[in-house]
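This report refers to the structure that appears directly beneath it.
The values are calculated or read from the model by the stated rules, or taken from the named source; none is laboratory data. All figures in this text were calculated on a predicted structure; none of them were measured in a lab. All Cβ positions, glycine included, derive from the backbone under ideal geometry; neighbour counts span all protein chains shown. What goes into the accessible areas is simple: the full protein's heavy atoms, side chains included, and nothing from ligands, DNA or RNA. Shrake-Rupley method; radii C 1.70, N 1.55, O 1.52, S 1.80 Å.
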Amino acid sequence: QKGLRIISRAMLRRGKILRLRSLPVLALVAGIYGAAFALGQFWSVKVRPSPVSRAVVKTAETAETSTASAESDALQPSERYIASNRFSVREGADAAFEQRWAQRKSSLLTLPGFRWFSLMRRVPDDSVNFGDDYSYISFTIWETKKDFNFWRKGPAFKEAHGGGGILDFLGMIMSSFMTSKGPPKPFFWEGVLPVTSSQSKERLQSGPGGRPEADGQTMLDPEVFVQTIRFKVADGREQDFEKFWSEHGEALKAESGFRFSQLLRRDQVPDDDSNYLGVTVWDDRDAYDKASVDTSSAGDLLERPAMKVLYEGKLVLESELGP
């Protein structure tokens, strides 16, 4: 951002900006600043103290009086860390947006702690008020938050966001400006209670950069189908809710076409009124439609009814360890 400000001041001193005073150029400059801000936000986003940390502190404080009681109050330990971005893609630009991801550089499989990635396109549904226009999300599962931070602060992050040169960065910004309405919005989660299918599944290996034939005219075929459920769990009912999910999640193992599920617990102050997210991944839409287990009916544990949001998972990349 500092570099962009220096360039802008230099152009003003030379009078060149006068010849570029048009709405498209101003919009592009705004897009560059917006994207630079988004990258800075992804880099330095403030996360709230995790519920697990609070539970551990609570346990320590009460250990002298009632160890058994303290342990019963603890939430489920974090077993994964999920970093995601939400994108508002311009109307008619879906295929071009997917092409950017299908052809971008990525070294995810070489990074410690990487488990699973997908670019997800939200299934349109006129009967649902989503409360936002984020039509795509990127979804990455890491073993730990430390692994995520290692990627975020290392060269692989720079590689995934335009490379090392200013021309690469500007090319990425211009491509983003043509397909997206604004900068992405990051959100972060602790993954608890992971459940995987009892059946052997083919390892999916396309991932970012894995579909160089994408032409920007035709959308990519989905590789998996994803159900997410947004939950607003009532204060003080988190432990009961996690127990509810644990009991229902285990029942998914025997479902035909089921791949894996996780319950995600927010690791930042929510900006969409959801503090938990249930994620269940299926082979395809048909397997999801035939499923008999319902993990959304949590009753009085919620402050408002749960909201199901469905996605087509594309460019899926799985590590040898799986999600």
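Kindly indicate whether residue 300 is loosely packed, with under 15 Cβ neighbours inside 10 Å and modelled with pLDDT of 95 or more. Answer is no for this residue. Cβ-Cβ distances below 6 Å connect the following pairs, each with a first residue in segment 73-94 that is farther than 23 Å from residue 270 by Cα, a second residue that is hydrophobic (A, V, I, L, M, F, W, C) and open to solvent by 30 Å² or more (accessible area, probe 1.4 Å), and a separation of six or more residues or different chains: 94/219. Considering only residues in segment 93-116 that are open to solvent by less than 50 Å² (accessible area, probe 1.4 Å) and more than 22 Å from residue 215 (Cβ to Cβ), the one that is nearest to the chain's Cα centre (by Cα) turns out to be 116.
Checked against (1) out of contact with any helix residue (DSSP H, G or I) (no Cβ under 7 Å at 6 or more places or on another chain); (2) open to solvent by 30 Å² or more (accessible area, probe 1.4 Å), residue 90 passes all but a single condition, namely (1). The residue that is farthest from residue 304 (Cα to Cα), counting only those in segment 263-293 that are surrounded by 14 or more Cβ atoms within 10 Å (Cβ to Cβ) and among the basic types (Lys, Arg), is 285.
Yes/no matrix, rows are residues, columns are (1) modelled with pLDDT of 65 or more; (2) not aliphatic (A, V, I, L, M):
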residue	(1), (2)
123	yes, no
126	yes, yes
147	yes, yes
152	yes, yes
161	no, yes
172	no, no
176	yes, yes
184	yes, yes
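In segment 207-243, the residue that is least open to solvent (accessible area, probe 1.4 Å) out of those that are closer than 25 Å to residue 271 by Cα and among the small types (Gly, Ala, Ser) is 234.
Being aromatic (Phe, Trp, Tyr), surrounded by 17 or more Cβ atoms within 10 Å (Cβ to Cβ), touching a Pro at 6+ places or on another chain (Cβ under 6 Å) and closer than 25 Å to residue 117 by Cβ is a description that applies to residue 260. With respect to (1) within 21 Å of residue 194 (Cα to Cα); (2) free of Cβ contacts under 8 Å to residues at least 12 places away in the same chain, the lone exception for residue 287 is condition (2).
Out of everything in segment 297-317 that is touching a helix residue (DSSP H, G or I) at 6+ places or on another chain (Cβ under 9 Å) and in contact (Cβ under 8 Å) with a residue 24 or more places away in the chain, what residue ends up being farthest from residue 212 (Cα to Cα)? Once the filter is applied, the top-ranked residue is 301. Inside segment 219-243, residues that are closer than 24 Å to residue 311 by Cα and out of contact with any strand residue (DSSP E or B) (no Cβ under 7 Å at 6 or more places or on another chain) make up a count of 2.
When segment 128-145 is limited to residues that are open to solvent by 40 Å² or more (accessible area, probe 1.4 Å) and modelled with pLDDT of 95 or more, the one that is farthest from residue 321 (Cα to Cα) turns out to be 134. Within segment 107-136, the set of residues being farther than 21 Å from residue 191 by Cβ and in contact with a helix residue (DSSP H, G or I) (Cβ under 6 Å, 6 or more places away or on another chain) comprises 107 only.
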